[in-house]
Amino acid sequence: MPGIDQALHQSHLDRINAPPAPIIHLSRSTLPELLNSPHVWLLNVCRLSCGFCQGLTPAWEAVALRLRQEIHVAYWDAELHGRPPAILGEVNATPTIRAFVPRALFDGPAQQVDYEGDRSSADLTHFARALVPDLVEPVVDGVAWARLEERAATKRLPRLLLFSGRPANAT
């Protein structure tokens with residue numbers, strides 16, 4: 001069946017030649033994408049002509065690839081767009097790496113978290129993943145279910161139930 005073999009081969013080639021995870025180029029016109037998002041964002045405020053910023057590029061691309069299904073990775077080009085709007089926080093030097101955690105993901109005000117660690121892709125990935133809250137709640141009775149329903153409705157979160165096959169007398 002040459003058609004199936006050819007389709008499998010093409011699928012394999014598509015995965016090998018897949019473009020890297022997109023790094024979102026933020027500008028004043030695309031800023032609402034970050035501000036209205038229910039996702040965690042990792043932002044690099046940079047100048048593309050800056051040597052330190054250029055040195056960060058390979059790690060930033062690796063982070064985007066690792067986090068492509070979890071967190072949005074973006075950059076703001078301060079040369080092209082000037083200083084970022086105040087809503088993105090104070091920027092005194094480039095590169096400045098900052099995470100944005102939307103209010104909908106946790107109880108409390110929206111967070112901006114500055115990154116001050118090593119510029120390796122592993123450390124940046126660990127930092128970003130640590131900001132994603134754990135939304136797992138055990139539901140053991142009607143009160144817990146009502147609490148989950150209220151939280152999910154208020155924060156527009158999905159609901160998922162998992163029934164375990166564990167016997168009632170298991171510890």
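Among 96-102, 126-132, 39-45, the peptide with the highest mean count of other Cβ atoms within 10 Å heads the list, and the full ranking is 39-45, 96-102, 126-132. On full extension, the segment bounded by A130 and Q112 gains 5.1 nm, given 0.36 nm per residue less the C-alpha separation.
The distance between label points at I24 and S49 comes to 2.8 nm (points 7 Å beyond Cα on the Cα→Cβ vector). Taking 7 Å steps out from each Cα toward its Cβ at E149 and E61 produces label points 5.1 nm apart. Scalar couplings 3J(HN,Hα) for the range 50-60, obtained by applying the Karplus form with A = 6.51, B = -1.76, C = 1.60 to θ = phi - 60°, are 6, x, 5, 5, 5, x, 7, 3, x, 5, 5 Hz; x denotes Gly and Pro.
All of the numbers you see were taken from the coordinates with simple rules; none came from a lab. Because the structure is a prediction, the values reported are computed rather than measured. When we count neighbours, we look across all protein chains shown, and the Cβ atoms used for this are built from the backbone with ideal geometry, even at glycine.
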